[in-house]
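Novice: I am attaching a structure below and will ask some questions about it afterwards.
Just so it is clear, none of the values below were taken in a lab; they were calculated from the coordinates. This one's a predicted model, so the numbers in the text were calculated from it and none came from an experiment. Here Cβ is always computed from backbone atoms with ideal geometry, including for glycine, and neighbour counts include all displayed protein chains.
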Amino acid sequence: MEYIPSNAEDAALHRRFHAMNLGGVDFTKSVIERFRKNEVWSGGDGNFIAVIGRKDVLALRNRARDVLQVVNTELAAVSIPDEVLWGQTGRTLFAGVPREGPNTSQATLLAKEDCAAPLVDRFKIYLYFWGNKCVGACLAERIWEAFTVLGQHDTCEQKYELPFPPQSSSISISTTSEPAILGISRIWTSNQRRKQGVASRLLDTARSSFLYGLTVQKEQIAFSQPTESGGNLARKWFGRHAGWHVYID
């Protein structure tokens, strides 16, 4: 978008967007209280994390999308259509697998039938509130498989260079996938609140509340195309340079 500093409207829009990126996204007290009803974590100083999903009212979903637009701009990520963001996902299962052997005729093979698994909510947005601002966000996604990040000295002959955007760090992954449950599609912290544990708290909250009654193990969590800073966050959170997982969305 063309920006003309001498234009009063452009200048005001620039200041507002700049303030959002630095300090977080502002909300009125009444909106903050509505988000608090969806609280899934609370800090001792009044900070809290709220989760917004498909079944929440339109007003909250729209405010969560406002934050996601800032995140997408900051991370140079593509926008997600509403029908996908607030939609459901499932996986095709197989009721039977053909079993062939030297003495097995075609007539005795088990039929392979597609069986649709129950649909589940695809995305949930976790928002970290500090005062009257949202200073962090994590877009979590239900996934089914992920690939292992390989170390520099891995002797595995089968590896694949993931085609990340230019601002991403180079990561080599395995060519075979492993089962996974939770995908971190996007994670963001405002500039003024970085290095204060906001992102780690969002990740911990997502893995403990994304699926009702289940804390997802870190081995079943994957990042989606992390930027260079996102890769550093993943290494710190997983506690190792390689061996964690990424998924391709």
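Novice: Give LYS124/LYS218; LYS55/LYS236; LYS133/LYS195 a once-over and call out the pairs whose C-alpha atoms are over 22 Å from each other.
Specialist: In this structure, LYS55/LYS236 lie more than 22 Å apart at Cα.
Novice: If we count other beta carbons within 10 Å of each Cβ, what is the order of THR73, THR176, fewest first?
Specialist: Ranked by crowding around the Cβ, least crowded first: THR176, THR73.
Novice: Moving on. Hand me the chymotrypsin sites (Phe, Trp or Tyr not before Pro) from the range 183-236 located in a DSSP loop with no more than 13 other Cβ atoms within 10 Å, in residue order please.
Specialist: TYR212
Novice: Order these by the 10 Å Cβ neighbour count, fewest first: ASP204, ASP56.
Specialist: Result, fewest neighbours first: ASP204, ASP56.
Novice: Let me ask something additional. Could you calculate the FRET efficiency of THR175 with LYS236 from 1/(1 + (r/R0)^6), where r is the beta carbon distance between them and R0 is 30 Å, rounded to 0.05?
Specialist: Once rounded, the FRET efficiency stands at 0.70.
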